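K.L.:
Submitted below is the structure of interest, expressed as structure tokens.
None of the figures in this text is laboratory data; all of them are computed from the coordinates on show. On a predicted model such as this, the values are computed, not experimentally measured, just so you know. Cβ placement follows ideal geometry from the backbone for every residue including glycine, while neighbour counts extend to all protein chains displayed.
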Amino acid sequence: MEYRYRIKEYREKLKMTQEELAAKSGVSRTIISGLEQGKIKTTTTKTIISIAEALNTTVGEIFLQD
């Protein structure tokens, strides 16, 4: 079972750039880009929580199970 992130989908719904999400979440744009593109498959719980909070959603909502 593999998971991928729905960060880009949620970010675009909010009309937010990667730079804006990085500033709001405290997570680098490089990490956000890597997660969105699938180049980064794993990250820390703290990072994913920070991104979810910045996107006004839950961690569970930004995961997509394949």
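K.L.:
Scanning the range 22-47 for residues that are part of a loop (DSSP other than H, G, I, E, B) and either charged (D, E, K, R) or touching a Cys at 6+ places or on another chain (Cβ under 8 Å) (or both), which turns out farthest from residue 60 (Cα to Cα)?
P.N.:
Within the range 22-47, the subset part of a loop (DSSP other than H, G, I, E, B) is 26-28, 38-44.
Within this subset, residues satisfying the condition of being either charged (D, E, K, R) or touching a Cys at 6+ places or on another chain (Cβ under 8 Å) (or both) are 39, 41.
Values: 39: 20, 41: 16 Å.
Here the residue is 39.
K.L.:
Before we move on, is residue 11 in contact (Cβ under 8 Å) with a residue 40 or more places away in the chain, closer than 18 Å to residue 61 by Cβ and within 9 Å of the chain's Cα centre (by Cα)?
P.N.:
Judged against the criteria, residue 11 is a match.
K.L.:
While we're on this one: When you scan the range 48-66, how many residues do you find that are free of Cβ contacts under 8 Å to residues at least 24 places away in the same chain, loosely packed, with under 15 Cβ neighbours inside 10 Å and part of a helix (DSSP H, G or I)?
P.N.:
2
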